[in-house]
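*Asks:* Provided herewith is a single structure, encoded as structure tokens, for subsequent inquiry.
The values are calculated or read from the model by the stated rules, or taken from the named source; none is laboratory data. Given the structure is predicted, the values throughout are model-derived calculations rather than measurements. Quick reminder, even Gly has a Cβ in these numbers, built from the backbone with ideal geometry, and neighbours come from all protein chains shown. These accessible areas exclude ligands, DNA and RNA; they are computed on the full protein's heavy atoms, side chains included. Shrake-Rupley method; radii C 1.70, N 1.55, O 1.52, S 1.80 Å.
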Amino acid sequence: MMALPSRACTLALLAASASAFVGAPPPRRVVAVAGFLDDMMDKLDGGDSKADAWKDEMMREQQEILKRRQASGGFITEEDEEEIRARRASVSKEDAALKAVQTSTADDNLDAWKAARSSGQIKTATSGLKRDADSSRMGSAGLFAERADAKLPYIDRGYVAEKKTEVNAEGIPVKKAPAGAPGP
């Protein structure tokens, strides 16, 4: 009975050491990426010939912001606060004018909205709102930074057609029978 476990042990040792006789795998070939395909996407859109002046401009603006923050110890200066207040007042003035037109109780506020739009009090998709040029793709002119539909005249109360239809007690519209048709 001892012969069986010793044979199993010998076989296990031989199987484990047999991997030492297998040769090493061949080294992987490395493909050089330099050449024709280098920076292919950059070359398609102008790449090297395209001016990168916008990067320099952004870097200059960031450096100015950093210098201002370092000079003030990280706090907002009085000049910056005044500029922020002026921007907020301008935006809130435009929003107040738009809200006044949208919430008016007149029969139809479309004429008032058109007048405010043509005078420049309200910015809309067709007059005043700027599109983000970075979001323009495949023929699109780009996205607006804010919702354009919120600038329309009927946003708060909805548009209701002037044409009245008859409804039954449940609120379901009733079709009128043609004049020449006999009744049921």
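*Asks:* Could you tell me the calculated FRET efficiency between residue 52 and residue 83, based on Cβ-Cβ distance and R0 = 22 angstrom, to the nearest 0.05?
*Replies:* 0.15
*Asks:* Kindly write out, for region 57-72 in residue order, the coupling ³J(HN,Hα) from the Karplus curve 6.51 cos²θ - 1.76 cosθ + 1.60 (θ = phi - 60°), rounded to whole Hz, with x marking Gly and Pro.
*Replies:* The phi angles translate into 5, 4, 5, 5, 5, 5, 5, 5, 4, 4, 5, 5, 5, 5, 5, 9 Hz.
*Asks:* Could I ask something else about it? Just the number, please: carbon plus sulfur as a percent of the accessible area of region 68-153, 1.4 Å probe, no ligands or DNA/RNA counted.
*Replies:* 53 percent
*Asks:* OK, next. Evaluate the distance, in nm, between pseudo-label points positioned 7 Å from the Cα of residue 108 and of residue 141 along their respective Cα→Cβ axes.
*Replies:* Result: 2.6 nm between the two label points.
*Asks:* Quick check: pseudo-label points 7 Å beyond the Cα along Cα→Cβ at residue 119 and residue 14, how many nm apart are they?
*Replies:* Calculated label separation equals 10.3 nm.
*Asks:* On to the next question. Once fully extended, how much extra length lies between residue 76 and residue 156, figured as 0.36 nm per residue of separation less the alpha-carbon to alpha-carbon distance?
*Replies:* Between residue 76 and residue 156, full extension yields an extra 25.1 nm.
*Asks:* Hey, another quick one. Calculate, for residue 92 and residue 129, the FRET efficiency according to 1/(1 + (r/R0)^6) with r their C-beta to C-beta distance and R0 22 Å; round to the nearest 0.05.
*Replies:* Details: r = 17 Å, r/R0 = 0.78.
E(calc), rounded to 0.05, equals 0.80.
*Asks:* Can you flag which of 55/123; 130/151; 99/163 are past 21 Å Cα-Cα?
*Replies:* Working: 55/123 30 Å; 130/151 14 Å; 99/163 27 Å.
Violating the 21 Å limit, Cα to Cα: 55/123; 99/163.
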